[in-house]
Amino acid sequence: IIAYTSGGILADEYKKAGAQVVRFDTAARMDIIAINKLIKLIKARNVDIVHSHQMRYDFLGSIASRLSKTPFIFTRHQSISDYPINYFKKTIFLAIDSFVAVKLADRIAAVSKFIADDLKAKEGVPEGKTSIIYSGLDLKRYGKDIKAGNIRKEFSIDPGAPLIGTVGRISIEKA
């Protein structure tokens, strides 16, 4: 089961793959009322493990999981200390994350060693609570018809120039 916010671009893909998708919108970043909605959802669907991917949902999910006695895991994709926000907000976010989600999580998945080390150094995550699970992409599913010659032609790249492909997410916090 996937609890997903409205407007999420992957909801249809999840449904096609056979997942149950439940709409789960929150009124604010730290919507305390949403915790009760999550607890009801966890109990009604007999959820075995709650897994979240974003700080707001780490906060909500950790509390709902603890209150419903359900194991909780979250994945950290970037360091909160690197969020492009002012110092005051960052300090509050780090405190909330450290004293709620990190403390209540049964396990934390980090997408890199850097993120795992940052969690330990800046949020006090105990040794052994974090596992590194690198992001993966099955390249065989994409670009079957892409050939270097076509790309060079489309973008007027000299045949002798190096051609390097990369996969990534472009976002402001990586600037």
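One line per residue, one yes/no per condition, for (1) within 16 Å of Asp97 (Cβ to Cβ); (2) in contact with a helix residue (DSSP H, G or I) (Cβ under 9 Å, 6 or more places away or on another chain):
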site	(1), (2)
Ile1	no, yes
Tyr4	no, yes
Ala11	no, no
Tyr14	no, no
Val22	no, yes
Ala44	no, no
Asp48	no, no
His53	yes, no
Leu67	no, yes
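Identification of helices (runs of 4 or more DSSP H) wholly contained in the stretch 1-101 with 2 or more residues that are open to solvent by less than 90 Å² (accessible area, probe 1.4 Å) and either under 21 Å from Lys122 (Cβ atoms) or in contact (Cβ under 8 Å) with a residue 60 or more places away in the chain (or both) yields 55-67, 87-96. For Gly128, the criteria (1) open to solvent by 30 Å² or more (accessible area, probe 1.4 Å); (2) modelled with pLDDT of 95 or more; (3) not in a helix (DSSP H, G or I) hold in every case but one, which is (2). Condition check for Gly149 on (1) modelled with pLDDT of 90 or more; (2) more than 14 Å from the chain's Cα centre (by Cα): one failure, at (1).
When the stretch 58-115 is filtered for residues that are of a type in the set (Ser, Thr, Tyr) and more than 23 Å from Gly128 (Cα to Cα), the ones remaining, listed by number, are Ser68, Tyr83, Tyr87, Thr91. Being under 16 Å from Asp48 (Cα atoms), modelled with pLDDT of 85 or more and of a type in the set (Val, Ile, Thr) holds for only one residue in Ile115, Ile92, Ile108, Ile73, and it is Ile73.
The values are calculated or read from the model by the stated rules, or taken from the named source; none is laboratory data. The model shown is predicted, which means the values in this text are computed figures rather than measured ones. Ideal geometry is used to build each Cβ from the backbone, glycine not excepted, and the neighbour counts take in all protein chains shown. SASA here: full protein model, heavy atoms, side chains in, ligands and nucleic acids out. Shrake-Rupley method; radii C 1.70, N 1.55, O 1.52, S 1.80 Å.
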